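Structure, as structure tokens:
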Amino acid sequence: MARPWIEFIQSQRLPWQSEDFGGLRPGLQAKRLSADSASGACSLLVRYPAGFRADGGALTADDEFLVLDGALRIGGRDYGPMAYAHLPGGYRSGEWSSPEGAIVLEFLSEWPRAANGNARPDEERLVEHCDTFQVPYTGNFHPEFPPGAGRKMLYQDPQTRDTTWILGTMPMRWAERSEVHPTVEEMYLISGEVHGNRGVMRPGAYFWRPPAKPHGPYGTRTGNLYLFRTKGGHLSTNYVPPERDFRWWPDYDPVLPPEFEPYRGEAPDGPSCW
């Protein structure tokens, strides 16, 4: 994969840029969290302005998204806060609108452009609408995973086994070992704080971690809510001794590509996590 290692950036520090999704959704603004220089696949924080309306033709890209704030209306269906969907390339959704505006976390499998009229979606990979509040938490997903967390499974690709889930953890929880995964692991912190080997992540923190990079251990005073994704298959974990023991309030020590260096820093003061 041609994406750089990013661990971690606070999305509040990134600039908003104009975007139109191949002319299909004019008038958007987006923060590019990460992108693949070869395929154009990207992870974006997208701002739909109040009064947004677009015809909603099909994209060539898979469009996976989670509404963080506000609401979208797509093909007559409402997507409020924490609504999720996975719309495969070629999916024709009908009109998109946002009367009051919305902030949406979107993941595209290639840079968005309009699909031709013969494009057909893979129905097996379609999640048209998911209210994540209604998805039950599951536990015991790894026998060595420290207790005090639950997972809401949102999507698993039937072909690649790439997986998307929400992880919720309890306050005053920490671990003592690091983790290593054979897949890419991608994360956006929705709420709470996380103390780890690269600093203190706050809402709006984002990372894209290549395979086989040891990370952690982590802890949280507040509890937290994350969105996680894997690329390159289903997540598996190997627990290893840490390079440094866990401690509260570690210094910010990120891994960033050169283009992100101007935006280095901890979360700015203020209520917004975008």
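The table for this structure:
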{"read-out": "Residue that is least open to solvent (accessible area, probe 1.4 Å) [pool: residues in region 129-161 that are aromatic (Phe, Trp, Tyr) and in contact (Cβ under 8 Å) with a residue 40 or more places away in the chain]", "value": "TYR155"}
{"read-out": "Boolean, ARG264 is at pLDDT 95 or above and open to solvent by 60 Å² or more (accessible area, probe 1.4 Å)", "value": "yes"}
{"read-out": "In region 1-29, the residues that are among the aliphatic types (A, V, I, L, M), closer than 18 Å to PRO254 by Cβ and assigned to a loop (DSSP other than H, G, I, E, B)", "value": "LEU14"}
{"read-out": "Odd one out for PHE65 among (1) part of a strand (DSSP E or B); (2) without any contact (Cβ under 8 Å) to a residue 60 or more places away in the chain; (3) open to solvent by 20 Å² or more (accessible area, probe 1.4 Å)", "value": "(3)"}
{"read-out": "Neighbours by Cβ (under 6 Å, 6+ apart or cross-chain): first from region 255-267, part of a helix (DSSP H, G or I); second buried (at least 16 other Cβ atoms within 10 Å of the Cβ)", "value": "PHE260/ILE9; TYR263/ARG13; TYR263/LEU14"}
{"read-out": "Residue match in region 165-188 (condition: of a type in the set (Ser, Thr, Tyr), within 18 Å of the chain's Cα centre (by Cα) and part of a strand (DSSP E or B))", "value": "yes"}
{"read-out": "Residue check, TRP208 under 23 Å from ALA35 (Cβ atoms), open to solvent by 30 Å² or more (accessible area, probe 1.4 Å), in contact (Cβ under 8 Å) with a residue 40 or more places away in the chain and within 19 Å of the chain's Cα centre (by Cα)", "value": "no"}
{"read-out": "Some residue of region 246-258 being within 17 Å of ARG177 (Cα to Cα), surrounded by 16 or more Cβ atoms within 10 Å (Cβ to Cβ) and among the aromatic types (Phe, Trp, Tyr)", "value": "yes"}
{"read-out": "Candidates ARG47, ARG92, filtered to the one that is touching a residue at least 24 places away in the same chain (Cβ under 8 Å), out of contact with any strand residue (DSSP E or B) (no Cβ under 9 Å at 6 or more places or on another chain) and open to solvent by 40 Å² or more (accessible area, probe 1.4 Å)", "value": "ARG92"}
{"read-out": "Qualifying residue in region 115-128 (condition: assigned to a loop (DSSP other than H, G, I, E, B), open to solvent by 40 Å² or more (accessible area, probe 1.4 Å) and either among the basic types (Lys, Arg) or under 28 Å from ASN238 (Cα atoms) (or both))", "value": "yes"}
{"read-out": "Total residues in region 42-62, condition in a strand (DSSP E or B) and either of a type in the set (Phe, Trp, Tyr) or closer than 15 Å to GLN29 by Cβ (or both)", "value": "8"}
{"read-out": "Options GLY216, GLY232: the member that is in contact (Cβ under 8 Å) with a residue 40 or more places away in the chain, over 28 Å from TYR48 (Cβ atoms) and open to solvent by less than 30 Å² (accessible area, probe 1.4 Å)", "value": "GLY216"}
{"read-out": "Long-range neighbours under 6 Å by Cβ, at least six apart or interchain, first residue open to solvent by 20 Å² or more (accessible area, probe 1.4 Å) within region 21-43, second part of a loop (DSSP other than H, G, I, E, B) and among the aromatic types (Phe, Trp, Tyr)", "value": "GLN29/TRP16"}
{"read-out": "Answer residue from region 138-163, given it is assigned to a strand (DSSP E or B) and not small (Gly, Ala, Ser) and is farthest from ALA85 (Cα to Cα) among those", "value": "THR138"}
{"read-out": "Tally of residues being farther than 23 Å from TYR206 by Cβ and either out of contact with any helix residue (DSSP H, G or I) (no Cβ under 7 Å at 6 or more places or on another chain) or surrounded by fewer than 18 Cβ atoms within 10 Å (Cβ to Cβ) (or both) across region 68-89", "value": "7"}
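The values are calculated or read from the model by the stated rules, or taken from the named source; none is laboratory data. The model shown is predicted, which means the values in this text are computed figures rather than measured ones. Note: ideal-geometry Cβ built from the backbone for every residue, glycine included; neighbour counts use all protein chains shown. These area figures cover heavy atoms from the full protein model, side chains too; ligands, DNA and RNA do not enter into them. Shrake-Rupley method; radii C 1.70, N 1.55, O 1.52, S 1.80 Å.
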